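Working notes, beginning with the structure itself.
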Amino acid sequence: MEAIISTLEQAVPLIIIVFLTLFMSLETLLPYLTQSKYRKKQRWHNVGNLLVSFALNAALSGVVSYSLTMSTSNQFGLLYHLHLPFIVALIAGILLSDLNGYLAHRLYHKVPLFWRFHRVHHSDVELDASSALRMHPFEFIFQATTQATVLPLLGVSNSSFVIYVAFSLPLFIINHANIKFPHWYEKYVSLLVITPNWHRVHHSSKQNETDSNYADVFTIWDRIFSSHKSQKPEEITFGLETLREKESQTFWGMLSTPFKSLK
């Protein structure tokens, strides 16, 4: 099992590259929503931001992995005290990793300091695969901090976390891609896992819709905490009204966004 997890952990960067390449190509050939001519240029600003964040995330993932490995070695954390069967603890760890992401995501929206950085992700006025990892580098630091502190306390193993990351990152790309998925996929898959239409609502310019559908992987959290909203993709205006100008969409504009007024 350790060999499989180690291989999977090393494969995560390749998985991201493959999925980004695949879905950025597919949405160019088979676009769902009509996008502006400027979008082709914007995608490269997003990719530039992604490369910086990607490098930082690679470094921070080592910190998270070390924290979880030490927790496992010392049998420290809630799940270890419950003495669950291996497979049950593994699945519980995956679910707790996602719950941590859900709760952290809600904090990013509710705490002004965190929102300053998180709104870089929401300020994209059109949505496609390049939007998936369009995040301010500091947001990755916030994210890694919660993962390296909260997850060990819960007793989440490094195996659970690696599986979760390997599944969630490609899913982020799929759910931002400008591709129309079959009705059956949106209807039935979303009973358990987020789908593009589920997540598109979260990128609405309307605050009540922006502040909904926080789940990263499992939709059960939005259902349990009553934070789910529905809207037809064709009726959604993406982005934030305060950050629509082109200056906010450039590579440097995204980096400077946290230091602009919240109004």
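The values are calculated or read from the model by the stated rules, or taken from the named source; none is laboratory data. This is a predicted model, so every value here is computed, not measured. FYI the Cβ positions are ideal-geometry reconstructions off the backbone, even for glycines, and counts take in every protein chain you see. Side chains included, ligands, DNA and RNA excluded: accessible areas come from the protein's heavy atoms. Shrake-Rupley method; radii C 1.70, N 1.55, O 1.52, S 1.80 Å.
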Open item on the list: Residues of the stretch 190-212 with the amide nitrogen closer than 14 Å to a label point 7 Å from the Cα of residue 244, along Cα-to-Cβ, please.
Closed with: 204-207
- [ ] Averaged over every viewing direction, what's the projected area of the C-alpha convex hull for the stretch 1-148? Give it in nm², one decimal, please.
- [x] 10.6
TODO: Check each of the chymotrypsin sites (Phe, Trp or Tyr not before Pro) in the stretch 4-93 and keep only those in coil by DSSP with at most 15 other C-beta atoms within 10 angstrom; list them in order.
DONE: 38, 76
- [ ] Could you pull out every one of the lysines with an alpha carbon less than 30 Å from that of residue 41, ignoring same-chain neighbours closer than 8 positions?
- [x] 180, 206, 232, 246, 260, 263
Open item on the list: Between residue 189 and residue 18, what is 0.36 nm times their sequence separation minus the Cα-Cα distance? Round to one decimal in nm.
Closed with: 59.3 nm
Task: Scattering curve values for the chain, log₁₀ I(q)/I(0), Debye with Cα scatterers, q = 0.07, 0.08, 0.16 Å⁻¹ - done: -0.24, -0.31, -1.29
TODO: For the stretch 144-185, state the average projected area of the convex hull of the C-alpha atoms over all orientations, rounded to one decimal in nm².
DONE: 4.2
TODO: Would you mind working out the accessible area per residue for the chain, using a 1.4 Å probe, and quoting it in Å²?
DONE: 49
Task: Carbon + sulfur, % of accessible area of the chain - ligands and nucleic acids excluded, 1.4 Å - done: 70
Task: Distance histogram in 5 Å bins (all Cα pairs of the stretch 66-175, percent per bin) - done: 2, 11, 20, 22, 17, 13, 9, 5, 1, 0
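Output the direction-averaged projected area (hull surface divided by four) of the convex hull of the alpha-carbon atoms of the stretch 215-263, in nm².
Mean shadow area of the hull around the Cα atoms is 5.4 nm².
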Task: Label-reachable residues, the stretch 12-43, where backbone N falls under 13 Å from a point 7 Å from residue 251's Cα toward its Cβ - done: 42-43
Open item on the list: Need one value: the accessible area of residue 229 in square angstrom, 1.4 angstrom probe, rounded to the nearest 10.
Closed with: 80
- [ ] Please give the solvent-accessible surface of residue 216 in Å², to the nearest 10, using a probe radius of 1.4 Å with every protein chain present.
- [x] 30
